[in-house]
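Please treat every number below as a calculation from the coordinates, not as lab data. Everything numeric in this text was worked out from a predicted model, so none of it was measured. Note: ideal-geometry Cβ built from the backbone for every residue, glycine included; neighbour counts use all protein chains shown.
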Amino acid sequence: MRRDRVEAELLDAHAEDGAVFPAYDDYCFANVPDTVAAVLGAAADRPLPGDVFEGVPTDVDNVVVVLVDGFGWEHWKRDQGDHRFLADLAAAGTVTPLTTIYPSETAAAITTMHTGRQPVEHGVLGWYQYYPDLDAVLRPLPFTTLDGTLAEEAFGDRADPDLLVDADSIYQRLAADGVAPTVVQPAETVGGAYTNQVTTGATVTPYADVAEMAVLVRETLAAGSGPSYVYAYVPNVDTAAHRNGTGSAAYRAQLSAVTESLRRELAALDDETAANTLLVVTADHGHVDTRDSVDLREHDDLWTHLRRDGDGDPIPPLGSSRNAQFLVRDGHVDVLDASLHDAFDLRTFDRDAVRNRSLFGDRAPSARFEAHLPDLVAVHRDRGLCFTDRSLGHVGRHGGLTREEMLVPFAAATLADLA
């Protein structure tokens with residue numbers, strides 16, 4: 001059952017002038033980790049409303065969450081009929097739309113998935129972030145400088161991994177309550193400072209491709225002997241959307257590879273394990289295919305208003321192209337805000353608006369969040385505000401507030417019902 005009615009309710013409550021804001025208090029991606037914990041009998045602060053499991057048995061010992069990066073609700077609806085695994089999930093279980101967090105991008109949302117904390121708590125606010133202790137802009141997930149140098153190489157012992165995330169992992173909390181957690185993720189993402197920190201408490205299992213991912217999920221479930229949580233992260237669909245767009249053959253091929261691998265391997269589990277396992281398929285954000293993007297490096301006026309680093313150079317825009325964040329010189333916020341609105345069709349938030357909107361979360365802000373809070377946030381209605389060569393080449397984008405970016409699926413069924 002696909003619950004389109006909830007989509008209408010979310011838009012009625014949280015949409016404004018083409019923007020969809022996070023529903024942090026109920027149907028929000030930020031509440032997925034606590035939902036897993038609640039199903040497994042572990043401590044949970046704010047699980048999703050119980051009706052996300054309408055008609056789905058939850059008296060199980062195993063929960064599998066497959067996070068298909070970038071596969072939003074709008075594209076689930078479009079693609080469900082073309083992929084047997086998605087159609088089977090909708091027929092055998094329940095598919096509910098959620099809003100994601102702000103920003104609707106991987107760095108912030110995946111940190112939320114690993115910690116169960118909102119961005120206002122964990123402090124990861126975008127793909128590019130300024131670290132005052134290092135006086136440098138870094139990409140937190142790979143923990144690298146703008147030129148790709150590992151932070152540990154660039155800054156030595158000063159590049160403390162504790163700078164990255166201000167939260168314990170959900171796996172530590174689950175393990176303390178007797179649940180065995182396993183993280184299955186691409187081999188190239190395993191072993192770095194960020195991954196080591198946010199997966200503390202879990203067994204981390206690397207994979208080479210989506211076929212192996214599905215095999216490892218099946219083998220982990222088959223080998224289990226008690227309550228378990230298996231989290232599998234799949235970036236392939238997101239990568240295809242960035243490079244080729246959400247209507248491309250590459251996008252469809254990647255989605256087919258993911259869904260068929262999962263369908264084949266999960267169907268091979270024994271009946272007892274299948275009946276005792278709840279499967280959830282979700283996403284951290286959706287995608288919007290944008291028109292020609294803006295290169296902020298060509299707008300000289302912008303740079304005169306930006307805060308300076310220790311060398312006297314402007315601190316470049318942060319966040320991402322759909323979640324542009326600016327550290328602004330004292331007294332320049334209103335001037336920069338007006339300049340951006342004169343040049344572009346966008347929505348902006350100063351610090352007061354960020355707080356009043358609970359944009360990054362509705363819980364108490366951490367010291368880490370306050371250290372990273374930008375002076376101004378800008379979200380273009382339908383274009384990318386680019387500040388790196390890498391982002392200029394993207395077709396599909398995310399990070400902003402369109403329904404395509406902000407709504408994600410939460411599909412749930414037992415493996416026995418899928419068989």
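For the range 180-192, filtering for residues that are under 22 Å from Pro33 (Cα atoms) and outside any helix (DSSP H, G or I) leaves 8. Checked against the criterion of being free of Cβ contacts under 8 Å to residues at least 24 places away in the same chain and part of a loop (DSSP other than H, G, I, E, B), the range 60-72 has no qualifying residue.
Restricting the range 170-179 to residues that are out of contact with any Leu (no Cβ under 8 Å at 6 or more places or on another chain) and not in a loop (DSSP other than H, G, I, E, B), the residue that is farthest from Met113 (Cα to Cα) is Ala176.
Against the condition buried (at least 24 other Cβ atoms within 10 Å of the Cβ) and assigned to a helix (DSSP H, G or I), how does Pro97 come out, does it pass? No, not satisfied. One residue stands out in the range 252-306 among those that are touching a Ser or Thr at 6+ places or on another chain (Cβ under 6 Å) and part of a strand (DSSP E or B): the one that is farthest from Ala419 (Cα to Cα), namely Asp289. Taken over the range 127-158, the residue count meeting the criterion of being part of a strand (DSSP E or B), out of contact with any Gly (no Cβ under 7 Å at 6 or more places or on another chain) and not hydrophobic (A, V, I, L, M, F, W, C) is 6.
Output the residues belonging to the range 300-322 that are buried (at least 16 other Cβ atoms within 10 Å of the Cβ), more than 23 Å from Pro140 (Cα to Cα) and of a type outside the set (A, V, I, L, M, F, W, C).
Selection gives His305 alone.
Here the condition is being of a type in the set (Gly, Ala, Ser) and either surrounded by fewer than 17 Cβ atoms within 10 Å (Cβ to Cβ) or touching a Leu at 6+ places or on another chain (Cβ under 7 Å) (or both); of Ser261, Ser293, it holds for Ser293 alone. Of everything in the range 362-403 that's assigned to a loop (DSSP other than H, G, I, E, B) and among the hydroxyl-bearing types (Ser, Thr, Tyr), which residue is nearest to the chain's Cα centre (by Cα)? Step by step, filter the range 362-403, then rank; the result is Thr402. Scanning the range 202-218 for residues that are surrounded by fewer than 21 Cβ atoms within 10 Å (Cβ to Cβ), under 18 Å from Tyr229 (Cα atoms) and among the hydrophobic types (A, V, I, L, M, F, W, C) turns up Val204, Val215, Leu216. Of all residues assigned to the range 269-287, none qualifies as being surrounded by 19 or more Cβ atoms within 10 Å (Cβ to Cβ) and farther than 27 Å from Val52 by Cβ. Tallying residues that are surrounded by 16 or more Cβ atoms within 10 Å (Cβ to Cβ) and either without any contact (Cβ under 8 Å) to a residue 24 or more places away in the chain or touching a His at 6+ places or on another chain (Cβ under 7 Å) (or both) within the range 155-188 yields 6.
Among all residues of the range 21-29, there is none that is out of contact with any strand residue (DSSP E or B) (no Cβ under 9 Å at 6 or more places or on another chain), within 30 Å of Leu346 (Cα to Cα), not aliphatic (A, V, I, L, M) and not in a loop (DSSP other than H, G, I, E, B). In the set (1) over 16 Å from Met113 (Cα atoms); (2) part of a helix (DSSP H, G or I); (3) touching a residue at least 12 places away in the same chain (Cβ under 8 Å), the condition left unmet by Gly41 is number (2).
Condition check ((1) closer than 17 Å to Thr414 by Cβ; (2) not hydrophobic (A, V, I, L, M, F, W, C)) across all residues:
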residue: Val6; (1), (2): no, no
residue: Asp25; (1), (2): no, yes
residue: Ala38; (1), (2): yes, no
residue: Val52; (1), (2): yes, no
residue: Asn62; (1), (2): yes, yes
residue: Arg78; (1), (2): no, yes
residue: Leu89; (1), (2): yes, no
